[in-house]
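Take a look at the structure set out below.
The values are calculated or read from the model by the stated rules, or taken from the named source; none is laboratory data. Predicted model, so just to flag it, every value in this text is computed and none were measured. All Cβ positions, even for glycine, are placed from backbone atoms using ideal geometry, and neighbour counts span all protein chains on display. What goes into the accessible areas is simple: the full protein's heavy atoms, side chains included, and nothing from ligands, DNA or RNA. Shrake-Rupley method; radii C 1.70, N 1.55, O 1.52, S 1.80 Å.
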Amino acid sequence: MIEAVGLTKKYGDKVAVRDLTFRIRPGIVTGFLGPNGAGKSTTMRLILGLDAPTAGSVTVDGLPYAAHPMPLKVVGAVLEARAVHTSRSAYNHLKALAATHGIPDSRVADVIDMVGLHEVARKRAGGFSLGMGQRLGLASALLADPSTLILDEPVNGLDPEGIRWIRDLLKALAAEGRTVFVSSHLMSEMALTAEHVIVVGRGRLMADMPMADLIARASTNVVTVRSPQLADLAAALAGPDVTITGADGRIDVAGLSPAQIGDTARDLGISLHELTPKQASLEEAFMDMTRDEIEFHAASAAPVEEAGSPT
Amino acid sequence: MSASVQQPATDHVQVAPVSQARVVRSEWIKMRSLRSTTLTLLAAVIAMIALAWLVGWATNAHWNHMDPGERATFNPIDRSLAGVNLAQLAIGVLGVLLISGEYATGMIRATLSAVPRRLPVLWAKAGLYAAVTFVLMLVSSFIAFVVGQHFLASHGTTLGAPHSWRAIVGTAAYLTLIAVMAVAFGFAIRSTAGGIAALFGLLLVLPGVGQLLPSDWQTHTLPYLPNNAGSALHSARPDPNALSPGMGLLVLVIWVVLALAGAAFLLKRRDA
């Protein structure tokens, strides 16, 4: 369980995170969406106590992260920027982290196997591919078997097989009752992984709702229709709440369900060559929600940097 | 790499609270597992011993060509421990690098996520590096002394001579305090170039700049600079204006404590 109350972070006079209040529940995967510079990485750094909030507070399982006697047991995190010394082997990296919490070497070997890094564990981490780096990050996050996992863009640099592996792993971890908080700019990926979603734009909370609601909320209910007798069909469908647009043997109908259109066509003996409900994608829902923020962002003379790397 | 999904083993992961001793163990693993650590420490050891041999041999070979002034200031103990000036470069650079390397690679985020109270990391790094430096440099100074006296031959002296042991232990103590100061500078400045520049600016450049002060000011300031205080501690035949060895040690310790306090304050206060 992660709880933020009025969480605010300024770097100089730039506001990276503005008055965020949210609660991330255990047992499900919660997605964290927002365009670049929205404050996702900053929020995660604030949760881990790497940065101190300018105002407000954030707790994990009821306490600030740093107040827990066994922090790695509380939160396992994979931040977007790599957090490994490039000259050290993956094995020694994990061993050093494990030593801070008295975690035995056998567990280090276990997490290495779990993420599939066995063959390269003794090699310099600096030579790792992006995907291997993500796996090593995940291994360190899982080291102490934490009750909460925080992952910043975990599928970055993974091949399709690796992406599916992460997706299944995150769902499995959530199903075990853990809190799983994942940021991604890949909206379609989030739609497949996250049950709940928090959307931020320019550091502000834009939405905090089930993923299904986010998609439904921006849904426009447009149906694309093709038919050899398009003019007749268009005339029959016309009505006060119906908008019909298009030409070239194809129309887009707003205000009627595919079932209503299909039934009308059948009643008139008109054959249909296509009847496609256009579901708003998560991308579209997300764009709708953050459009104003992005325009404002683009027009702003002093754009807010991606707050994860203020140095 | 296998992409198969394995369920994390939820049972029986043995986890204990973070403690200073556990952080020291972790830092020990980190220090041992970087080749640059071993190589730089080896460079310091070689600098101490090889210079004793070289300087001892050269002094002996050219003794008859040395002018009387040079012979008057000659001290066999200091001559054999001349490597301290080179060794302090290696020790200082490595001390900064132990910390700046973590900031440069991002490792510091992993370190501070595991130990979010932060200060145990500073104490562990400084303490461990001090212990390693003291042991290595005590042995190296001793060997350098023996090697140096051997090659100085008839111009050399013995362990029983006054100041011999104080110079040997003082050299190790000076390098140890420089090691701790370097770690503090690493935490305070965080970048390799900046940390090294600041450390050696204080150690090597400031005494030279101090020479530009009016001479009656110099006597009240220059002996208190870390390098000169260190000289008073480890030189068998110090500069006439220098502090006493005990006072030199005290002044140097104060410098190191101030540097550590500044580093602790910044580490605790700044965003990682």
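Mind listing just one residue for me: the one in region A:99-119 that is more than 8 Å from every other protein chain (Cβ to nearest Cβ) and closer than 20 Å to residue B:31 by Cβ and, of those, surrounded by the most Cβ atoms within 10 Å (Cβ to Cβ)? The residue in question is A:108. Look at region A:240-264: where a residue is farther than 16 Å from residue A:230 by Cβ and a partner is aliphatic (A, V, I, L, M) and in a loop (DSSP other than H, G, I, E, B), sitting 6+ places away or on another chain with Cβ atoms under 6 Å, you get A:255/A:242. When B:255, B:217 are screened for being more than 14 Å from chain A (Cβ to nearest Cβ) and more than 18 Å from the chain's Cα centre (by Cα), only B:217 passes.
Go through region B:122-135 and give me each residue that's among the hydrophobic types (A, V, I, L, M, F, W, C) and in contact with a helix residue (DSSP H, G or I) (Cβ under 6 Å, 6 or more places away or on another chain). Answer for region B:122-135, where residues must be among the hydrophobic types (A, V, I, L, M, F, W, C) and in contact with a helix residue (DSSP H, G or I) (Cβ under 6 Å, 6 or more places away or on another chain): B:122, B:124, B:126, B:128, B:130, B:134. The number of residues in region B:89-129 being hydroxyl-bearing (Ser, Thr, Tyr), over 19 Å from residue B:192 (Cβ atoms) and away from chain A (no Cβ under 14 Å) comes to 0. Selection within region A:120-134: residues that are outside any helix (DSSP H, G or I) and over 16 Å from residue B:105 (Cβ atoms). The member of this set that is least open to solvent (accessible area, probe 1.4 Å) is A:121.
With respect to residue A:61, is the statement that it is of a type in the set (Asp, Glu), under 28 Å from the mean Cα position of the chain (by Cα) and facing another protein chain (nearest Cβ under 7 Å) true? Answer is no for this residue.
Set side by side, the residues A:265, A:234, A:247 differ, and just one is part of a helix (DSSP H, G or I) and either open to solvent by 50 Å² or more (accessible area, probe 1.4 Å) or modelled with pLDDT of 90 or more (or both), which is A:265. Screening B:39, B:86 for residues that are within 14 Å of chain A (Cβ to nearest Cβ), open to solvent by 60 Å² or more (accessible area, probe 1.4 Å) and either of a type in the set (Val, Ile, Thr) or within 22 Å of the chain's Cα centre (by Cα) (or both) leaves exactly one candidate, B:39. Which condition number in (1) open to solvent by less than 40 Å² (accessible area, probe 1.4 Å); (2) in contact with a Lys or Arg (Cβ under 9 Å, 6 or more places away or on another chain); (3) assigned to a loop (DSSP other than H, G, I, E, B) is the one that residue B:116 fails? Condition (2) is where residue B:116 drops out. There is no residue in region B:45-62 that is under 30 Å from residue A:98 (Cβ atoms) and surrounded by 16 or more Cβ atoms within 10 Å (Cβ to Cβ). Checked against the criterion of being away from chain B (no Cβ under 13 Å) and part of a helix (DSSP H, G or I), region A:166-181 has no qualifying residue. Considering (1) open to solvent by less than 20 Å² (accessible area, probe 1.4 Å); (2) without any contact (Cβ under 8 Å) to a residue 60 or more places away in the chain; (3) under 22 Å from the mean Cα position of the chain (by Cα), the lone condition that residue B:106 does not fulfil carries the number (3). Within region A:1-41, restricting attention to residues that are of a type in the set (D, E, K, R), farther than 24 Å from residue A:195 by Cβ and in contact with a Lys or Arg (Cβ under 8 Å, 6 or more places away or on another chain), the residue that is surrounded by the most Cβ atoms within 10 Å (Cβ to Cβ) is A:18.
Scan region A:73-86 for residues that are at the interface with chain B (Cβ under 9 Å from one of its Cβ atoms), open to solvent by 10 Å² or more (accessible area, probe 1.4 Å) and closer than 20 Å to residue B:23 by Cα and report the count. Count: 5.
Flag not set for residue B:167, criterion: surrounded by 22 or more Cβ atoms within 10 Å (Cβ to Cβ) and either of a type outside the set (Gly, Ala, Ser) or closer than 24 Å to residue A:45 by Cα (or both). Within region A:146-165, the set of residues being crowded, with 22+ Cβ neighbours inside 10 Å and part of a loop (DSSP other than H, G, I, E, B) comprises A:146, A:154, A:155.
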